[in-house]
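Working notes, beginning with the structure itself.
The values are calculated or read from the model by the stated rules, or taken from the named source; none is laboratory data. Just so it is clear, the model here is predicted, and its values are computed rather than measured. FYI the Cβ positions are ideal-geometry reconstructions off the backbone, even for glycines, and counts take in every protein chain you see. For the accessible areas, the whole protein counts, side chains as well, though only heavy atoms, and no ligand, DNA or RNA atoms are used. Shrake-Rupley method; radii C 1.70, N 1.55, O 1.52, S 1.80 Å.
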Amino acid sequence: ASGVLCEATLDSNQKASHAAISALEAINPDLKDPIFVLLVDDKAANHKDALGKLAALGEEGRPAAPVVRQEIKKCVEQIGNNPPRWGNPILVEVVEKAMDTLPKIAPAEPQTVKTLIELTKFTSTTGQFLTKNQRSITSTPFREDGIRLLGEIAESQEDQRKQIVPPLVAVLKEAVERVSAADAQDVLQAVAQVDETGNALLK
């Protein structure tokens, strides 16, 4: 029932969405509160807090996976030169928090792997972002986390490996080709990516 209701909270009909939220409050308040925040709150800090609460539920939070995927989709669509919501760096932070949440609540769902693969491929054409170590810039802000999370899923979910390995191999091949780039920053990023992807493939 929780899964059906979580799907229904995303209904474009506001009455249906509100009814689903009300029903969730009655049968699964642990899910209702963070989902309500993700759907209606306008503060990024509250969104990150809500995602943390879902992640803490572990697989009991699995019914909320569609809402977390919707959160990722909305934030990614807004990344650009003049994002209307929170600004590019904050949008990236919220997506990264949602990326960490998905494997905790729905590690066995193929849709989790698909979402992470898509984020690993995401390349911004309008903005540049600081890498995790804050030492260089990148146009692929989700690749590092995506590689790590795909490796972790592959380690525990053997049946997901056929879906995970090919995109990781593609990332590894691209990184190897960039190792000979003229720009020193590009070379350092490529070497780090070879290392990260190699570790994920070993898992």
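Summary of computed values
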{"item": "Pairs, first farther than 14 Å from Gly146 by Cα and of a type in the set (S, T, N, Q) in segment 186-198, second at pLDDT below 85 and open to solvent by 40 Å² or more (accessible area, probe 1.4 Å), C-beta under 8 Å, six or more apart", "result": "Gln189/Arg178"}
{"item": "Lone unmet requirement of (1) farther than 30 Å from Ser2 by Cβ; (2) open to solvent by 70 Å² or more (accessible area, probe 1.4 Å) for Phe129", "result": "(2)"}
{"item": "All positions within segment 30-46 that are small (Gly, Ala, Ser) and either surrounded by 17 or more Cβ atoms within 10 Å (Cβ to Cβ) or modelled with pLDDT under 85 (or both)", "result": "Ala44"}
{"item": "Residue list for segment 161-189, filter: closer than 20 Å to Ile117 by Cβ, more than 22 Å from the chain's Cα centre (by Cα) and open to solvent by less than 70 Å² (accessible area, probe 1.4 Å)", "result": "Arg178"}
{"item": "Members of segment 1-29 found to be open to solvent by less than 40 Å² (accessible area, probe 1.4 Å) and touching a residue at least 60 places away in the same chain (Cβ under 8 Å), listed by number", "result": "Ser2, Gly3, Cys6"}
{"item": "Residues of segment 190-203 classified as open to solvent by less than 50 Å² (accessible area, probe 1.4 Å) and of a type in the set (Val, Ile, Thr), total", "result": "2"}
{"item": "Flag for Arg143 being among the charged types (D, E, K, R), open to solvent by less than 80 Å² (accessible area, probe 1.4 Å) and touching a Phe, Trp or Tyr at 6+ places or on another chain (Cβ under 8 Å)", "result": "yes"}
{"item": "Test: residue in segment 177-196 that is hydroxyl-bearing (Ser, Thr, Tyr), assigned to a helix (DSSP H, G or I) and either farther than 23 Å from Thr125 by Cα or modelled with pLDDT under 85 (or both)", "result": "no"}
{"item": "Residue that is farthest from Ala8 (Cα to Cα) [pool: residues in segment 29-87 that are polar (S, T, N, Q) and part of a helix (DSSP H, G or I)]", "result": "Gln78"}
{"item": "Selection within segment 53-95 - open to solvent by 50 Å² or more (accessible area, probe 1.4 Å), under 16 Å from Lys32 (Cα atoms) and not charged (D, E, K, R)", "result": "Ala56, Gln70"}
{"item": "Tabulated pairs, segment 30-49, first under 20 Å from Glu93 (Cβ atoms) and of a type in the set (Val, Ile, Thr), second open to solvent by 50 Å² or more (accessible area, probe 1.4 Å) and part of a helix (DSSP H, G or I), C-beta under 8 angstrom, 6+ apart or interchain", "result": "Val37/Asn46; Val37/Asp49"}
{"item": "Residue under evaluation Ala19, criteria (1) in contact with a helix residue (DSSP H, G or I) (Cβ under 7 Å, 6 or more places away or on another chain); (2) over 27 Å from Leu150 (Cβ atoms), criterion not met", "result": "(1)"}
